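Let me begin by presenting the structure, written as structure tokens, before commenting on it.
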Amino acid sequence: MNAIRHGLGMTSPKARARLIEKLAARGITDPEVLAAIEATPRHLFIDEALASRAYEDDALPIGEGQTISQPYIVALMTQECLRDRKKTDKVLEVGTGSGYQAAVLARLVPRVYTLERIALLLRTARRRFHAFGLHNIHTRCADGAGGWPEQAPFDGIVVTCACTEPPPALLAQLALGARLVAPVGAPGRQRLLCITRTAGGYSEKDLGAVLFVPMLPDVRRHGAARDDRRQQDAPGSGH
Ligand code: SAH
């Protein structure tokens, strides 16, 4: 009774298993990616009031005008970024948001670096990483377009906010053979691109139309709330 009243029925293993079936039917074939999604409690990355919808394949609001991505898109970006992976030591995410995408990546690669421009969202995400023992996620409050130069090159980069062009700094921070997966284009015309760094330059694959929140300029340079916990932002620091 209690569980039902609190919507926990919808966060059960059964609801998660149904979501995994849906993702597999839509073309997520990497068993490790499916297992990582199944093992990540999405209902704990959103407001309790929305928990009953956590395992539906939808984006949901997380405050500050931002959203947690749809599970299918998280799975697709993860799968494409890590496809044919041989040596994947560290990946970068731009747009930590709720922390869900980073938590999924953290089950698949040894080190995850994630950048978020809104201090409030990052603080909540850090608390979650700590509570779930995800000690291999490193965070920084900064403009993601600049990447994380001190930790480059990355074996993969996932961008979870839409840019008009792939940011040059991010392309430059890809290791040879690594992939950047990012929504690129103006609102209403965004395409999910997978860009691979090759010996001769970059090759591009279009994964289809998507709808992401836009990549915005650094809040620090635009007068909004600052993150006081600057020390936590040092490269290589924990969450
Ligand atoms: N990956 C997130 C999805 C968050 S939505 C999740 O799993 O929940 C996109 C996020 O990108 C938002 O949190 C937004 O604040 C952030 N963002 C937008 N512009 C950014 C920028 N220039 N640098 C870093 N983060 C940015």
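Values in this text are rule-based calculations from the coordinates and carry no lab data. These numbers were taken from a predicted model, which means no experiment stands behind them. When we count neighbours, we look across all protein chains shown, and the Cβ atoms used for this are built from the backbone with ideal geometry, even at glycine.
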Residue check, residue 137 more than 26 Å from residue 207 (Cα to Cα), more than 8 Å from the ligand (Cβ to nearest atom), β-branched (Val, Ile, Thr) and within 15 Å of the chain's Cα centre (by Cα)
yes
Does segment 83-98 hold any residues that are within 16 Å of the ligand (Cβ to nearest atom), out of contact with any Asp or Glu (no Cβ under 8 Å at 6 or more places or on another chain) and under 16 Å from residue 181 (Cβ atoms), and which are they?
92, 93, 94
Give me the pairs: first residue in segment 159-180 and of a type in the set (Asp, Glu), second residue more than 11 Å from the ligand (Cβ to nearest atom), beta-carbon distance under 7 Å, and six or more apart or on different chains, which are they?
165/184
All strands (runs of 3 or more DSSP E) inside segment 58-134 with 3 or more residues being under 23 Å from residue 197 (Cβ atoms):
90-94, 111-116
Taking into account only those residues within segment 99-126 that are near the ligand (Cβ under 10 Å from one of its atoms) and closer than 17 Å to residue 43 by Cβ, which is surrounded by the fewest Cβ atoms within 10 Å (Cβ to Cβ)?
104
If I filter segment 33-53 for residues that are aromatic (Phe, Trp, Tyr), within 12 Å of the ligand (Cβ to nearest atom), more than 30 Å from residue 177 (Cβ to Cβ) and outside any strand (DSSP E or B), do I get at least one hit?
yes
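What number of residues within segment 153-177 satisfy the criterion of being within 18 Å of residue 117 (Cα to Cα) and assigned to a strand (DSSP E or B)?
5
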